[in-house]
Amino acid sequence: MAKVLLAGGGTAGHVNPLLATADALLQRGHDVAALGTERGLEAHLVPAAGIDLHFVPRVPLPRRPSLDLLRLPVRLGAAIAAAGRAIDAIDADVVVGFGGYVSTPAYLAARRRKVPVVVHEGNARPGLANRLGSRWAAAVALTFEGTLLKGGVVTGLPMRPAITDLARLLRDPVTGDPMRARARAAWGWAPDVPTLLITGGSTGAASLNAATADVVERLVQHGIHVLHLTGRDKSDGAERARGNLSARHRAMYAIREYVEDMETAFAAADAVVCRAGANTVCEISALGLPAVYVPLPHGNGEQELNARGAVDAGAATIVHDSELTAAALELVAEPLVLDRKARDAARAAAASIGVVDGAVRLAEIIERVARR
């Protein structure tokens, strides 16, 4: 039995893989604790999962000269000390980092104590913390092929058990079709209706919402049922568009700001239009869903890189945010939903690259490192 400290936090992109890995390790009989900040998503989600959470101060790494750069040594020193106390408190056999602000002090504290480090990189383009930690890591796990971290082994992304369970059901023709029928019934639709899921995540995506509101009338006229998740407090434009539809077509356009049970939304869908965060791309591929990815236009271009493997495999199409119009959305989404041959080919391609057991693969690496 190993004692494992998992370091990651801030965003869902770091917290969700941490929780999935924790679940896999606990199922295999190991002791698990986590390291995070008091302000990130982990402050609520990790204790809610029954995992002890140790805190470190949040220390962003400045990317250009500033006053923050002058303060960095003191602030980073305090964070390293806090991470070291957590390592000592559980007598950790291995420290596992998922990137982000929390991982840098965890990697440095572990190195000082000669505790081995395992790095997991969730994105196709690695972040600063994982580029640092990978220099002396005992093992480096990657989500995507081609990620430039020395010695990296592709494990895929550790995903929530609810998603991996759903993926196995949807991939099996015996259970997949009944599952889709039940999911559509939950939205008040017949079991065999063509269904398109459009989502910008919990915060929404203004460009996706605007294009959907502009194109939804044509989509429903062609027989496509649309499940539109707008993001919190961002449903006004969609509701106005729905109000302009006929009564029959309004019944084909379901609008929600957010759903807790994304599994029901995914299970109902024939195809998905969404951003291209690592969690999103990996979940959709694992579920065998064709996709239209609209990468976030900001940042370092990592979202487009995240989606590139799915596009190359024939499972997805990319539409750049600056080119997202009603006409563009109609052009790429309709065939994925209405053309059975194209849809089945894209579905098979997605399933061929989707990794369902990423958490188990990473847990096995952690076990090997802990035994050394």
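A few remarks follow.
- Residue within the range 83-98 that is closer than 26 Å to Arg308 by Cα, in contact with a Gly (Cβ under 6 Å, 6 or more places away or on another chain) and either aromatic (Phe, Trp, Tyr) or outside the structural domain of Arg184 (by TED's automatic domain parsing) (or both) present: yes
- Only residues that are closer than 20 Å to Thr21 by Cα, at pLDDT below 95 and of a type in the set (A, V, I, L, M, F, W, C) were counted across the range 125-161, and they come to 1.
- Residue check, Arg368 surrounded by fewer than 18 Cβ atoms within 10 Å (Cβ to Cβ), of a type outside the set (Gly, Ala, Ser), over 16 Å from Ala276 (Cα atoms) and at pLDDT 95 or above: yes
- Check on Thr212, hydroxyl-bearing (Ser, Thr, Tyr) and outside any loop (DSSP other than H, G, I, E, B): yes
- Looking across the range 250-279, just one residue is in a loop (DSSP other than H, G, I, E, B) and hydroxyl-bearing (Ser, Thr, Tyr), and that is Tyr258.
- Residues of the range 138-153 that are of a type in the set (A, V, I, L, M), free of Cβ contacts under 8 Å to residues at least 24 places away in the same chain and touching a strand residue (DSSP E or B) at 6+ places or on another chain (Cβ under 7 Å): Val140, Leu142.
- Pairs meeting the criteria (first residue in the range 44-73 and assigned by TED's automatic domain parsing to the domain that holds Val95 and modelled with pLDDT under 70, second residue assigned to a helix (DSSP H, G or I) and among the polar types (S, T, N, Q), beta carbons under 7 Å, at least 6 apart or on different chains) are Leu61/Thr104.
- Elements of type helices (runs of 4 or more DSSP H) contained in the range 280-372, each with 1 or more residues being over 17 Å from Leu208 (Cα atoms) and of a type in the set (D, E, K, R): 302-313, 340-353, 358-371
- If the condition is being closer than 12 Å to Gly277 by Cα, among the hydrophobic types (A, V, I, L, M, F, W, C) and surrounded by fewer than 21 Cβ atoms within 10 Å (Cβ to Cβ), then the range 289-323 contributes Leu296, Leu305.
- Residue match in the range 191-205 (condition: aliphatic (A, V, I, L, M), more than 24 Å from the chain's Cα centre (by Cα), surrounded by fewer than 22 Cβ atoms within 10 Å (Cβ to Cβ) and assigned by TED's automatic domain parsing to the domain that holds Asp321): yes
- Subset of the range 282-316 (residues that are free of Cβ contacts under 8 Å to residues at least 40 places away in the same chain, among the aliphatic types (A, V, I, L, M) and closer than 24 Å to Val193 by Cα): Ala315, Ala316
- Identity of the residue in the range 74-106, within 30 Å of the chain's Cα centre (by Cα) and modelled with pLDDT under 90, that ends up farthest from Ala138 (Cα to Cα): Arg75
- The single condition among (1) without any contact (Cβ under 8 Å) to a residue 60 or more places away in the chain; (2) more than 27 Å from Leu166 (Cα to Cα) that Ala185 does not meet is (2).
- Qualifying residue in the range 276-293 (condition: over 15 Å from Leu166 (Cα atoms) and among the aromatic types (Phe, Trp, Tyr)): yes
The values are calculated or read from the model by the stated rules, or taken from the named source; none is laboratory data. Remember, predicted model here, so these are calculated numbers, not experimental data. Neighbour counts run over all protein chains shown; Cβ positions are idealised from the backbone, glycine included.
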